[in-house]
Structure formats: C-alpha cells, structure tokens
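The values are calculated or read from the model by the stated rules, or taken from the named source; none is laboratory data. As the structure is a computational prediction, the values presented were derived from the model and not from experiment. Cβ placement follows ideal geometry from the backbone for every residue including glycine, while neighbour counts extend to all protein chains displayed.
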Amino acid sequence: MHHRIGFVVGAVTFSMSVLVSPALADPSTLVRNDHEPIEVRRVHQNAATPPQQTAPTRPLIAVSHRGAAGTAPENTLAAIDEGHRLGAETVEIDVQLTSDEEIVVMHDTTLERTTDVAEVFPDRAPYDVGDFTMEEIGRLDAGSSFDDEFAGEPVPTLREALDRLEELDMNLLLEVKEPSLYPGIEHQVSVELARSPHWLMPNAPGEPHRLVIQSFDWESTEHSKSLLPSVPHGLLGLVPKDEIADHDWAHMINPNHTSIDADYVAAVQDAGLEIMPYTINEADGMRRVLEMGVDGFITDFPETGRRAIDEFLEGRTDPVSDPGSEESGESVELVS
Ligand code: G3P
Ligand code: CA
C-alpha cells in the first residue's frame, strides 16, 4: 500500500498540551494539512535533534454515509445515532443554506424526496432548500419517507448534528452541497465550526480525522480551506492525475469508487493525499478498493464496511455479510 507523507511528531505530550490551548479557538493560529498547531511546527524546525517518532498511519475507516442511509433516514440525527450503533467512527453528512442562512443538513437541493414538504407547503413547489426558513424546514417529517418507524424525525441543523456527533465522540466528513447556490456558505460553515473548539482540534495521531470538509466544487473547497486552514479538506470527484499536484492545499481526493484503479490510488497517495472513494455498499466492492490501497471508503452500511476492513486486515478470504444480511442473515463471498 502507498502511504501518504506522515507529519513527524517528536513530543506527543507537548503537542497535546498545546492543542488544548484556548488560542486554538482562533483558526488563524492553526496550520494546514497535518492538522497540528503552528507552535508545534516551530519547535520541530528548531530542534537540535531529529524528531524521534513518526506519526502513525491513520486507521482504515468505513465512513457512514448520510448518517447511515442504509438503515435510517438519511442526514437525520436518527441516522447519526444509527451509524454510532453500527460501530462507525466517522459519518458523512451534506449541508446547505436555508433562506434565513441557517446551515441545514440535507442532500438534495429540493426538499421533496426526503420530507413531506409537498403536504405541509402544497403551494411552494419546486421546494428548493434555499426558499425555506429553518423554522419552516423544522416543521417537516424527514423520517416517514424512509420508514414509518421514523415518522416525525426532523431535518437537523448543522449545529444539532455537530452537538450529537460530539456527544457520541464521532468524527465528521462534512460535504458542502452545491455551494454555488449559497454564496457565503463557506464562511457560515467556518463560523459554525469555530463556535465549538472541539471541531477545530485534531484527534490524536493514529486516529481518524476528527473533521474533514469536502465538496464537488473545488473552488469552494479551496475557499473553505483559506477560512479554516487547520482543518483538512477533500476534493470530491476524480481529479485528473496530472492535476493532483495543483491541489496541494487539499488533504483528500474522494472519487466515485467505479472511477478508480490501483494506479490512481497510488498517484493520489504519492502526492501526499488520502483517498476514500464513495459510495460502496457491497462487500466485494469494499474488498476491491481495499486491495487498491485506499485509506478508507464511504458506505451506507458501516457495519458491513467495518467487517470488510477487519477481514482485509486479517488477510482473510472467508465470507463477509452483504448489506442485506444485516437484516436477512444472508452472506456473499468476497471476490479476491
Ligand atoms: O461523500 C461522498 C458522497 O456523499 C458524494 O455523493 O451524492 O451521496 O453526496 P452524494
Ligand atoms: Ca454527500
């Protein structure tokens, strides 16, 4: 497997004491991709002796997509809870802006597919997210369209999702959806994140990232990176191999899993970036990208993902359950 360039850590204890400094409430005191405070970098640069310890590689992770969209209504607090119940360490959610500039957790740019907006506001088609206030969206049911069991589940704000994730000690892959529709959303997101010091502090080396911000809109993502320089950012989609080096401010490239091969994975990692393809819901697809050497992948079924990773790491080839098996008990053979 190709490994990204690890940042060298000589004094973990010192690093952690700096990380809890109140100064970290100001994003400008933080450095970029390695997610370490600038004070630590200066100490390393001036040290008379070489650093003693290389930062451990982060673990392979199965990122739980839209909360845990396979078994709960996508992008709801119930889905975040479900991801936690299924053992996910990191969840992915999508955010957009309401008409009153609240950051709302929602995938589609219209409210119709996942909520009862057409019943509650019958004369407001085409139900664009940006045409509704957060108070109006708060009246919608985002659970029934998935299953009656979740009837009444509300559409959360980003603030509510952040609080729930922090409470559950989970990490976040935050997708800013269609930012060109919402001028200023990068700033709004940075303000919301900066309200809680928790989200601007890194996890310990060797743990998954606490927070990564990503988008299919790479210009918006670069702008977000300039506002939150300490936070790792990811590019969604397939960056052409010969353009990867142009995005050295980014930390990740996360393409559709059907668009990559082992050479592409190596090209991303050789450039010092991580790669976590989306959205893989079958065990053989998970195994396929793991064999390519990815740093993780995004799935609606984190329990299946965790099992595929464990079996990959153990070098096993015995059966792993497919998504349906979480309820049905069926299983499929992994393709080696
Ligand atoms: O995290 C990547 C993935 O979520 C992108 O696809 O359409 O599910 O947002 P989509
Ligand atoms: Ca997404």
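So for region 236-251 (the condition being of a type in the set (Val, Ile, Thr) and modelled with pLDDT of 95 or more), does at least one residue qualify?
Yes - at least one qualifying residue is present in region 236-251.
Given (1) modelled with pLDDT under 95; (2) within 16 Å of ligand 2 (Cβ to nearest atom), identify the lone condition not met by SER331.
The failed condition is (2).
For region 142-171, how many residues meet the condition of being part of a helix (DSSP H, G or I), over 30 Å from ARG58 (Cα atoms) and touching a residue at least 60 places away in the same chain (Cβ under 8 Å)?
The total comes to 1.
Given the condition touching an Asp or Glu at 6+ places or on another chain (Cβ under 9 Å) and among the acidic types (Asp, Glu), answer yes or no: does some residue in region 253-276 qualify?
Among the residues of region 253-276, at least one is touching an Asp or Glu at 6+ places or on another chain (Cβ under 9 Å) and among the acidic types (Asp, Glu), which makes the answer yes.
Could you list all residues from region 97-118 that are assigned to a loop (DSSP other than H, G, I, E, B) and either modelled with pLDDT under 95 or within 15 Å of ligand 2 (Cβ to nearest atom) (or both)?
Passing the criteria: MET106, HIS107, ASP108, THR109, ARG113, THR114.
Given ARG139, ARG124, which one is surrounded by fewer than 17 Cβ atoms within 10 Å (Cβ to Cβ), more than 16 Å from ligand 2 (Cβ to nearest atom), free of Cβ contacts under 8 Å to residues at least 12 places away in the same chain and of a type in the set (Lys, Arg)?
Answer to the check: ARG124.
Check whether at least one residue in region 180-188 is within 16 Å of ligand 2 (Cβ to nearest atom) and over 17 Å from SER99 (Cα atoms), and report yes or no.
no
When residues of region 240-273 are filtered for being buried (at least 19 other Cβ atoms within 10 Å of the Cβ) and under 17 Å from VAL289 (Cβ atoms), how many remain?
Qualifying residue count, region 240-273: 12.
Could you tell me whether any residue of region 88-96 is more than 16 Å from ligand 2 (Cβ to nearest atom), outside any loop (DSSP other than H, G, I, E, B) and either on the phi < 0 side of the Ramachandran plot or out of contact with any Leu (no Cβ under 7 Å at 6 or more places or on another chain) (or both)?
Among the residues of region 88-96, not one is more than 16 Å from ligand 2 (Cβ to nearest atom), outside any loop (DSSP other than H, G, I, E, B) and either on the phi < 0 side of the Ramachandran plot or out of contact with any Leu (no Cβ under 7 Å at 6 or more places or on another chain) (or both), which makes the answer no.
Within region 199-219, count every residue that is of a type in the set (Ser, Thr, Tyr) and surrounded by fewer than 20 Cβ atoms within 10 Å (Cβ to Cβ).
Count: 0.
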